[in-house]
Amino acid sequence: HCKAVRFRVRAPRHLVAWDCNCSICHMKKNTHFIVPASDFFLDAGEANLSEYRFGTGVARHRFCSKCGVQAFYHPRSNPDGVAVTVHCLDPGTVSSVEVRKFDGTDWGASYAATGIAACSKK
């Protein structure tokens with residue numbers, strides 16, 4: 001939002017994004033897609049990032065300390081990847097977005113059923 005944190009991501013123009021209903025994603029309406037960490041590049045703003053962890057502590061919810069926007073985070077489902085908020089991409093960089101449901105209220109079953117773990121693999 002404030003542009004204090006800038007990033008690039010290597011991803012297809014046709015994205016598969018996840019709509020999760022876990023306690024934090026539900027409140028933030030965080031529709032996100034996941035890429036391997038090697039396809040994410042933080043260009044500016046590392047010093048402006050704050051981090052929040054809860055529950056298992058695996059997920060690293062990073063957000064801009066100036067404006068509060070969470071443009072990306074490191075999800076519990078894919079700790080070796082980066083989840084990027086679809087609405088934080090620059091306009092015109094994506095052709096289409098297919099949104100799939102992830103039942104964060106039944107995390108274990110949804111993790112096993114959706115194949116989400118493969119999203120951070122090359």
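The values are calculated or read from the model by the stated rules, or taken from the named source; none is laboratory data. On a predicted model such as this, the values are computed, not experimentally measured, just so you know. Ideal geometry is used to build each Cβ from the backbone, glycine not excepted, and the neighbour counts take in all protein chains shown. Remember, those area values only see protein heavy atoms, side chains included, never the ligands or the DNA or RNA. Shrake-Rupley method; radii C 1.70, N 1.55, O 1.52, S 1.80 Å.
Here are the numbers for this structure:
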quantity	calculated
Whichever residue in the range 1-16 is β-branched (V, I, T) and closer than 15 Å to F72 by Cα and, among such residues, is surrounded by the fewest Cβ atoms within 10 Å (Cβ to Cβ)	V9
D39 vs. criteria open to solvent by less than 40 Å² (accessible area, probe 1.4 Å), under 20 Å from D80 (Cα atoms) and of a type in the set (D, E, K, R)	yes
Residue in the range 98-122 that is nearest to N30 (Cα to Cα), counting only those that are more than 14 Å from the chain's Cα centre (by Cα) and of a type in the set (A, V, I, L, M, F, W, C)	W107
Condition check for I34: more than 25 Å from K122 (Cβ to Cβ), buried (at least 16 other Cβ atoms within 10 Å of the Cβ) and either modelled with pLDDT of 95 or more or hydrophobic (A, V, I, L, M, F, W, C) (or both)	no
Unique match (being within 14 Å of the chain's Cα centre (by Cα) and under 17 Å from H1 (Cβ atoms)) among H74, H87	H87
Members of the range 63-102 that are open to solvent by 20 Å² or more (accessible area, probe 1.4 Å) and not in a loop (DSSP other than H, G, I, E, B)	F63, H74, V86, H87, C88, S96, V97, E98, V99, R100, K101
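Listed here are the residues, each with its yes/no results for (1) closer than 24 Å to D103 by Cβ; (2) free of Cβ contacts under 8 Å to residues at least 24 places away in the same chain; (3) part of a helix (DSSP H, G or I).
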residue	(1), (2), (3)
P12	no, yes, no
D19	yes, no, no
I24	yes, no, yes
I34	yes, no, no
L42	no, no, no
S50	no, yes, no
F54	yes, no, no
G57	yes, yes, no
H61	yes, no, no
